[in-house]
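The structure appears below as structure tokens.
The values are calculated or read from the model by the stated rules, or taken from the named source; none is laboratory data. Small disclaimer: the values here were computed from a predicted structure and weren't measured. Ideal geometry is used to build each Cβ from the backbone, glycine not excepted, and the neighbour counts take in all protein chains shown.
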Amino acid sequence: MSSMLCASIYGGSSIKTVPHYTPFVGESYLRSKQYGKNHYATSYVPTLWHKTGKIQKERCVMIPSHHNLEHIYRVNNGGSTFQETQRRYDVKAISNHSSEYGPQFQDPKSISETIKNEFDIFYRFIRPYTTIPAVTLVTSMSLLALEKLSDLSPIFFIGWLKLLVASLLMNVFHCGFNQLCDIEIDKINKPHLPLAAGEWSYTKGVIVVASSLILCFLLAWIEGSWPLFWGFLFAAMLTSVYSVDLPLLRWKKSALLAAATIITNVPVAGTLPYYFHMQTRVFKRPATFPRPLIFCVAILSLYFLVIALFKDIPDIEGDKEHGVQSLSVILGQKPVFWICISLLQMGYGATILAGATSPFLWSKLITGLGHGILALAVWYRSKSVDLKNNDSIQSFYKFIWKIIIVEFFLIPLFR
């Protein structure tokens, strides 16, 4: 009787053993049982001898390990009296670190990597360079609603925190909804985005976007804030008509309608609802339209006009292929780039003049000096942009978002 010992060594990849050559007719099979860590499993392989008609058993002892090891038991069947050809029967058993009879355990490192990967995908999905301005916009509008130093109370900070959560959820909706409608274009222009890259399914994207929008309205309803409710509704409608590819919609195909949508969305659908929410629901004051708020809407409208024009400069290839008639497609990248720079410089000049009319000396100095520095930074940075390199264009686009963040900190100081 031939016997075999299959020992799985810790850290090994696989062990293959071949028993003594035993001629027989019929099939061989291997049954193995694992009883847990550091226990032995014994199996018997019955074989039918052709010549003697006797049944014998081969004993196989297998030692389980902590790794996935492959144990292969091979039996070579030689020729019989009826045929001389050689037949081979392979029986494969795969031993895992956990048996089918015991609890299944996942590697903590694997769980950690999965969570980290999902977070990275979500981080790219929400477009972080737009998320940070959303946070600073809420902060800026909340500070703009302050009338005296005593307004900086726990009521203010709680109201600011609730508004911040709602704003971030709305930003997820804006970014995600646009990606859901632009998957084919993004495969050309922005292949790193999760939906375009296939890292997230379309269904998962819909769930995330819809959940964010529902939570926005739920928070507005809980707070009893009509400014927030109508602001979110108006913003969602503008995002839909901008992106959805249906008759009379998909305004992004038109340079004029696209610019009008973006200009209206953030300064009007974002700025005014946030300010009036803080003014009426948090501070319980009547709604007013002060001079700093007018300045805020004007300067942000200019910024987001630049955003509306500039964002299409690196996307010209995909826009042409899908029939999107952006200003960059119509005029070319270089003219649109310098139009954006000129608009920013004119805006800074107008802002410095507006700041000079403030009755407060500190406001005059901060507004004038701050916007003067921004104007110089934009001019200096624009000189290094290579319009033939999309990475260089994207880098300047993100720079514009950074100066918008600086603007959000300057706005409350305009009085």
Task: Condition check for Gly323: in a helix (DSSP H, G or I) and either closer than 24 Å to Pro191 by Cα or not assigned by TED's automatic domain parsing to the domain that holds Arg127 (or both) - done: no
Task: Candidates Gly347, Gly332, filtered to the one that is of a type in the set (Gly, Ala, Ser) and either buried (at least 18 other Cβ atoms within 10 Å of the Cβ) or modelled with pLDDT of 90 or more (or both) - done: Gly347
Task: Conditions (1) surrounded by fewer than 15 Cβ atoms within 10 Å (Cβ to Cβ); (2) touching a residue at least 40 places away in the same chain (Cβ under 8 Å); (3) within 27 Å of the chain's Cα centre (by Cα); number of the one not met by Asn390 - done: (1)
Task: Among (1) surrounded by fewer than 21 Cβ atoms within 10 Å (Cβ to Cβ); (2) within 24 Å of Leu180 (Cβ to Cβ) - the single one Lys284 does not satisfy - done: (2)
- [ ] Residues being over 21 Å from Leu169 (Cα atoms) and of a type in the set (A, V, I, L, M): count how many of those fall in the stretch 184-222.
- [x] 4
Open item on the list: Suppose we keep only residues that are part of a helix (DSSP H, G or I) and of a type in the set (Val, Ile, Thr) within the stretch 331-361. Which one would you say is farthest from Trp401 (Cα to Cα)?
Closed with: Ile352
Open item on the list: Cβ contacts < 7 Å: first residue within 11 Å of Pro194 (Cα to Cα) and in contact (Cβ under 8 Å) with a residue 12 or more places away in the chain, restricted to the stretch 109-128; second residue among the charged types (D, E, K, R) and surrounded by 10 or more Cβ atoms within 10 Å (Cβ to Cβ), any location; separation 6+ or different chain. Result?
Closed with: Ile121/Glu199
Task: Residue check for Lys398: assigned to a helix (DSSP H, G or I) and either in contact with a Lys or Arg (Cβ under 7 Å, 6 or more places away or on another chain) or of a type outside the set (A, V, I, L, M, F, W, C) (or both) - done: yes
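Residue-wise test of (1) of a type in the set (Asp, Glu); (2) touching a residue at least 12 places away in the same chain (Cβ under 8 Å); (3) in contact with a strand residue (DSSP E or B) (Cβ under 9 Å, 6 or more places away or on another chain).
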{"site": "Ile207", "(1), (2), (3)": "no, no, no"}
{"site": "Ala210", "(1), (2), (3)": "no, no, no"}
{"site": "Phe229", "(1), (2), (3)": "no, yes, no"}
{"site": "Phe234", "(1), (2), (3)": "no, yes, no"}
{"site": "Val241", "(1), (2), (3)": "no, yes, no"}
{"site": "Ala255", "(1), (2), (3)": "no, yes, yes"}
{"site": "Ile263", "(1), (2), (3)": "no, yes, no"}
